[in-house]
Amino acid sequence: MAASGSATGGGHWFSALALGVTLLKCLLIPTYHSTDFEVHRNWLAITHSLPISQWYYEATSEWTLDYPPFFAWFEYALSHIAKYFDQEMLNIHNLNYYSSRTLLFQRFSVILTDALFVYAVHECCKCIDGKRTGKDLTEKPKFILSVLLLWNFGLLIVDHIHFQYNGFLSGLLLLSIARLFQNRHIEGALLFAVLLHLKHIYLYVAPAYGVYLLRSYCFTASKPDGSVRWSSFSIVRVTSLGLIVFLVSALSLGPFLALNQLPQVFSRLFPFKRGLCHAYWAPNFWALYNALDKVLSVIGLQLKLLDPSQIPRASMTSGLVQQFQHTVLPSVSPLATLICTLIAILPSVFCLWFKPQGPRGFLRCLVLCALSSFMFGWHVHEKAILLAILPMSLLSVEKAGDARVFLILATTGHYSLFPLLFTAPELPIKILLMLLFTVYSISSLKTLFRKEKPLFNWMETVYLLGLGPLEVCCEFLLPFTSWKLKYPFIPLLLTSVYCAVGITYAWTRLYASVLTGSLVSKTKKH
């Protein structure tokens with residue numbers, strides 16, 4: 001479809017984009033880093049210094065190993081390079097250890113492993129529909145997609161300032177998606193199986209993979225009306241997929257099964273005692289739910305309908321990760337969030353099964369699974385929004401409706417990451433990078449779809465412009481008022497709730513397009 005298009009402009013432009021963003025990442029090396037920097041340093045020390053039998057029991061530091069075994073082995077491999085930089089970083093008892101060599105090693109480990117992400121973006125560009133092409137290179141969908149992915153604002157600040165390894169993990173996800181677009185289903189399944197054992201957050205999108213591979217790979221034919229032809233079921237194909245899942249899982253979990261440690265591993269991977277929300281509320285349904293509970297509790301106190309002594313002092317915005325009981329609304333259990341998530345995911349999965357629309361239908365289902373899990377999941381981190389934004393980038397350059405959803409989702413989702421960088425020196429960096437990415441995204445997609453109706457209506461435009469006053473209020477006004485001491489959580493609450501509205505709206509619009517598209521497809525066939 002686009003094997004020839006991968007080299008648009010001689011291919012030099014892609015290399016230039018990749019090199020440019022790599023240089024920017026190098027410039028960000030001295031910036032602030034979060035506690036995640038110490039988390040990964042500690043994991044280097046654990047995997048390097050201890051036998052595998054102690055990896056998921058070690059608790060000298062509060063930052064215990066809570067990623068799947070493949071990521072532990074990834075840290076183990078890195079540790080054998082790290083020892084040539086600074087041996088002291090691999091000492092378990094050197095809590096909060098920091099040195100210039102440690103900083104350089106950990107920063108460059110993220111930058112270098114991003115090579116997988118760059119390759120995945122290159123492969124994804126081959127999967128883009130080349131029908132809508134402009135005269136200039138900068139108006140071509142492949143160029144726009146490359147910028148949206150390689151220069152993604154969220155990845156830049158989360159990985160290269162805040163500090164994490166989302167780049168190479170997202171690279172595996174995008175590469176897996178590209179392989180499915182290229183009808184290389186076994187490779188796509190293998191990559192995703194490995195990804196699940198690197199970071200279990202990708203369970204969010206596992207239903208999309210499972211249903212798509214079963215429906216479009218294990219069943220080799222459909223009836224004229226689009227329904228499944230049951231006689232086309234291939235035992236060989238389903239066996240090959242099952243074998244991949246089994247072998248990858250055995251390689252990852254087998255050693256811990258042999259040590260009788262699987263319950264301990266799973267208790268680390270799924271710590272349900274952490275509470276409904278993270279210290280900073282992810283901008284999802286529960287942020288709106290919590291905000292409503294706070295508003296109702298304030299009203300109840302003012303009207304003397306509530307007893308102040310019965311209201312818990314602990315606040316979900318206090319910065320602590322803890323269990324929380326709501327004051328007015330019913331408290332939410334992990335089981336309740338699981339049920340809500342499954343209900344939210346089911347319609348998209350049903351559409352994927354009953355009215356499959358090829359790899360693009362799978363991609364829409366994947367984004368909806370990611371967004372639904374983000375909206376209703378238990379203890380969701382704000383960074384998880386990238387799991388929806390990055391795949392949505394692929395859809396944004398093909399249809400105006402998807403571009404609209406992407407721009408609203410990316411702008412609000414990226415802004416919701418601002419509280420991660422709360423130090424003064426990073427304030428101009430995050431504002432400038434956010435502005436550059438957002439202005440480019442909107443202008444390039446508007447140019448790409450200039451022959452169609454405007455991407456935003458007046459209400460959406462006003463909402464997105466409202467992020468400006470919100471930033472001024474949270475960063476430049478509230479910190480200089482008496483509210484800073486009395487209500488320190490207000491900036492976080494305002495950011496979370498405002499962004500939750502936009503993300504909920506984007507999720508609703510994408511769902512509506514998928515459901516109505518399925519109905520239109522059904523009507524045409526009849």
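The values are calculated or read from the model by the stated rules, or taken from the named source; none is laboratory data. The structure presented is a predicted model; accordingly, all values stated were derived computationally and were not measured. All Cβ positions, even for glycine, are placed from backbone atoms using ideal geometry, and neighbour counts span all protein chains on display. In case anyone asks, the SASA skips ligands and DNA or RNA and just uses the protein heavy atoms, side chains included. Shrake-Rupley method; radii C 1.70, N 1.55, O 1.52, S 1.80 Å.
Checking the conditions here, which among L464, L470 is part of a helix (DSSP H, G or I) and more than 29 Å from L394 (Cα to Cα)?
Being part of a helix (DSSP H, G or I) and more than 29 Å from L394 (Cα to Cα) holds for just one of L464, L470, which is L470.
Does K126 satisfy the condition of being out of contact with any Lys or Arg (no Cβ under 6 Å at 6 or more places or on another chain), in contact (Cβ under 8 Å) with a residue 40 or more places away in the chain and open to solvent by less than 80 Å² (accessible area, probe 1.4 Å)?
When the stated conditions are applied, K126 passes them.
Cβ contacts < 7 Å: first residue under 22 Å from H381 (Cα atoms), restricted to segment 413-436; second residue open to solvent by 50 Å² or more (accessible area, probe 1.4 Å), any location; separation 6+ or different chain. Result?
P419/L492; L427/E475
Looking at segment 182-201, can you tell me whether even one residue there is crowded, with 24+ Cβ neighbours inside 10 Å, at pLDDT 95 or above and closer than 15 Å to S393 by Cβ?
No: segment 182-201 contains no residue that is crowded, with 24+ Cβ neighbours inside 10 Å, at pLDDT 95 or above and closer than 15 Å to S393 by Cβ.
Can you work out which of the residues in segment 232-270 that are open to solvent by 30 Å² or more (accessible area, probe 1.4 Å) and of a type in the set (F, W, Y) is farthest from Y57 (Cα to Cα)?
Across segment 232-270, the extreme among qualifying residues is F233.
Mind listing just one residue for me: the one in segment 498-512 that is surrounded by fewer than 18 Cβ atoms within 10 Å (Cβ to Cβ) and in contact with a helix residue (DSSP H, G or I) (Cβ under 9 Å, 6 or more places away or on another chain) and, of those, farthest from A282 (Cα to Cα)?
R509
Six or more apart or on different chains, Cβ atoms under 9 Å: show the pairs whose first residue is in segment 457-478 and farther than 18 Å from F406 by Cβ and whose second is charged (D, E, K, R) and part of a helix (DSSP H, G or I).
Pairs that qualify, where the first residue is farther than 18 Å from F406 by Cβ and the partner is charged (D, E, K, R) and part of a helix (DSSP H, G or I), are L478/K484.
Within segment 23-38, does at least one residue satisfy the condition of being assigned by the TED database to the domain that holds C125, modelled with pLDDT of 95 or more, polar (S, T, N, Q) and part of a helix (DSSP H, G or I)?
no
Does V158 count as buried (at least 18 other Cβ atoms within 10 Å of the Cβ) and either assigned by the TED database to the domain that holds T411 or out of contact with any strand residue (DSSP E or B) (no Cβ under 7 Å at 6 or more places or on another chain) (or both)?
When the stated conditions are applied, V158 passes them.
Which of (1) under 26 Å from L421 (Cβ atoms); (2) over 25 Å from the mean Cα position of the chain (by Cα); (3) surrounded by fewer than 16 Cβ atoms within 10 Å (Cβ to Cβ) does L478 not meet, given it meets every other one?
(3)
Got a number for residues in segment 96-108 being open to solvent by less than 80 Å² (accessible area, probe 1.4 Å) and in a loop (DSSP other than H, G, I, E, B)?
Final tally of qualifying residues: 2.
For segment 35-55, how many residues meet the condition of being open to solvent by 10 Å² or more (accessible area, probe 1.4 Å) and of a type outside the set (D, E)?
9
Out of the residues in segment 326-338 that are within 20 Å of V497 (Cβ to Cβ) and surrounded by 12 or more Cβ atoms within 10 Å (Cβ to Cβ), which is modelled with the highest pLDDT? Steps first, please.
Step one: list which residues in segment 326-338 are within 20 Å of V497 (Cβ to Cβ), which gives 326-332, 337.
Okay, now just the ones that are also surrounded by 12 or more Cβ atoms within 10 Å (Cβ to Cβ), so 326-329, 331-332, 337.
Details: H326: 77, T327: 79, V328: 83, L329: 86, S331: 84, V332: 87, T337: 92.
Applying the filter and picking the extreme gives T337.
Does L116 satisfy the condition of being at pLDDT 95 or above, open to solvent by less than 50 Å² (accessible area, probe 1.4 Å) and hydrophobic (A, V, I, L, M, F, W, C)?
Answer is no for this residue.
Could you please give the count of residues in segment 61-90 that are surrounded by 13 or more Cβ atoms within 10 Å (Cβ to Cβ) and not in a helix (DSSP H, G or I)?
So the count comes out to 10.
Of all helices (runs of 4 or more DSSP H) completely enclosed by segment 161-237, which ones contain at least 3 residues that are touching a residue at least 60 places away in the same chain (Cβ under 8 Å)?
Details: elements: 166-181, 185-196, 206-213.
In segment 161-237, 166-181, 206-213 are the helices (runs of 4 or more DSSP H) which contain 3 or more residues that are touching a residue at least 60 places away in the same chain (Cβ under 8 Å).
Being open to solvent by 30 Å² or more (accessible area, probe 1.4 Å) and aliphatic (A, V, I, L, M) is the filter here; which residues of segment 339-358 pass it?
Taking segment 339-358 as the starting set, the residues that turn out to be open to solvent by 30 Å² or more (accessible area, probe 1.4 Å) are 339-340, 342-343, 346-347, 350, 353-357.
Result: I339, L342, I343, L346.
What number goes with the only condition from (1) within 30 Å of P334 (Cα to Cα); (2) at pLDDT below 95 that L409 does not pass?
The one condition L409 does not meet is (2).
I'm checking my understanding of the structure. Among residues of segment 446-461 that are part of a helix (DSSP H, G or I) and exposed (fewer than 12 other Cβ atoms within 10 Å of the Cβ), which one is farthest from the chain's Cα centre (by Cα)?
Among residues in segment 446-461 that are part of a helix (DSSP H, G or I) and exposed (fewer than 12 other Cβ atoms within 10 Å of the Cβ), the one farthest from the chain's Cα centre (by Cα) is W458.
Would you please list the contacts, defined by Cβ atoms under 9 Å and residues six or more apart or on different chains, that run from a residue in segment 19-32 that is more than 19 Å from V147 (Cα to Cα) to a residue that is among the acidic types (D, E)?
Filtered contacts from segment 19-32: T31/E426; Y32/E426.
Quickly run through segment 207-253 and pick out the residues that are under 29 Å from the mean Cα position of the chain (by Cα) and aromatic (F, W, Y).
The answer is Y209, Y212, Y217, F246.
With I128, I144 as the choices, which residue is over 30 Å from T35 (Cα atoms), part of a loop (DSSP other than H, G, I, E, B) and not charged (D, E, K, R)?
Being over 30 Å from T35 (Cα atoms), part of a loop (DSSP other than H, G, I, E, B) and not charged (D, E, K, R) holds for just one of I128, I144, which is I128.
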